[in-house]
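What follows is a set of notes on a single structure, which appears directly below.
The values are calculated or read from the model by the stated rules, or taken from the named source; none is laboratory data. Just so we're clear, the structure is a prediction, and the values are computed from it rather than from any experiment. Please note: Cβ atoms are built from the backbone with ideal geometry, for glycine as well, and neighbour counts cover all protein chains shown. With ligands, DNA and RNA removed, areas are computed over all heavy atoms of the protein, side chains included. Shrake-Rupley method; radii C 1.70, N 1.55, O 1.52, S 1.80 Å.
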Amino acid sequence: MTTNGNGNAAVALEVNEIHKTFGTHEVLKGISLTAHDHDVVAILGSSGSGKSTFLRCINLLETPTSGEVRVKGEQIRMTIRRGEPAPADMKQVDRIRSKLAMVFQQFNLWQHMTILDNVVAGQVHVLGRDKHEATAKAEEMLKKVGVSDKVGHYPSQLSGGQQQRVAIARALAMDPEVMLFDEPTSALDPELVNEVLKVMRGLAEEGRTMLVVTHEMGFAREAANRLMFLHQGLVEDEGDPREVMKNPNSERFRQFLTGSLK
């Protein structure tokens, strides 16, 4: 595996042989990943390759059929209930999820809450922060992503790009070990994409540990230090983004880069 060049970087996330089956359809066929602190891993692949399912299996929004996930060395414990895999301890899952902040395609903001309250709520209810501390943290993170003037607004009053920046602020406010981005610009109008990518590039430059499912080739090349290309539920190619995008090891990835893989 490629690292960020820091041989002393601790392992932030370890995923081992994740499989996921829906009915008779095996979506993930054994994917492994080790991400060190400060790694930015771009995950590419055509529609149906398993990218989003892989991300959702990491924080158990989808329950893996088999495989292991470790966050900062702690394995998420699994068991079998009624013949199906299930988390052994939901309190552990909730605690670990707070370390794996996820940013979704569709923002997932609470429409009945102000922007400020959207960023405060998780801190209070999940992390147990008092309201004053959570509010100060929320204001800091909203300023960081450039929407501090929108604290009293509701999501419907913001553009898609502004809403996604609020979602990033909400994730940051949880002080996560790893940030998971599931195609964060795919629901945005083209003119709004760059404002979100600018924030994400800034996070990468800060040394945030990030896994990013994306179609943004420029971001993958410039901001990521690792690239994984998934095809039909398997890792088809991986390595340093600049190197592997220039000289793909896989013919399928070569076809993907030229737009011919559907």
(message) Which of the helices (runs of 4 or more DSSP H) found entirely inside the stretch 186-262 contain at least 3 residues meeting this: open to solvent by 60 Å² or more (accessible area, probe 1.4 Å), farther than 24 Å from residue 146 by Cα and in contact with a Lys or Arg (Cβ under 9 Å, 6 or more places away or on another chain)?
(response) none
(message) Pairs needed: first member in the stretch 111-132, of a type outside the set (A, V, I, L, M) and open to solvent by 60 Å² or more (accessible area, probe 1.4 Å); second member anywhere, at pLDDT 95 or above and in a helix (DSSP H, G or I); C-beta distance under 6 Å; at least 6 residues apart or different chains.
(response) 111/155
(message) Go through the stretch 84-106 and report how many residues are open to solvent by 60 Å² or more (accessible area, probe 1.4 Å) and over 15 Å from the mean Cα position of the chain (by Cα).
(response) 5
(request) Take residue 33 and decide whether it is aliphatic (A, V, I, L, M), outside any strand (DSSP E or B) and surrounded by fewer than 23 Cβ atoms within 10 Å (Cβ to Cβ). (result) no
(request) State whether the residues of the stretch 153-172 include one that is open to solvent by less than 30 Å² (accessible area, probe 1.4 Å), outside any helix (DSSP H, G or I), within 21 Å of residue 120 (Cα to Cα) and not polar (S, T, N, Q). (result) yes
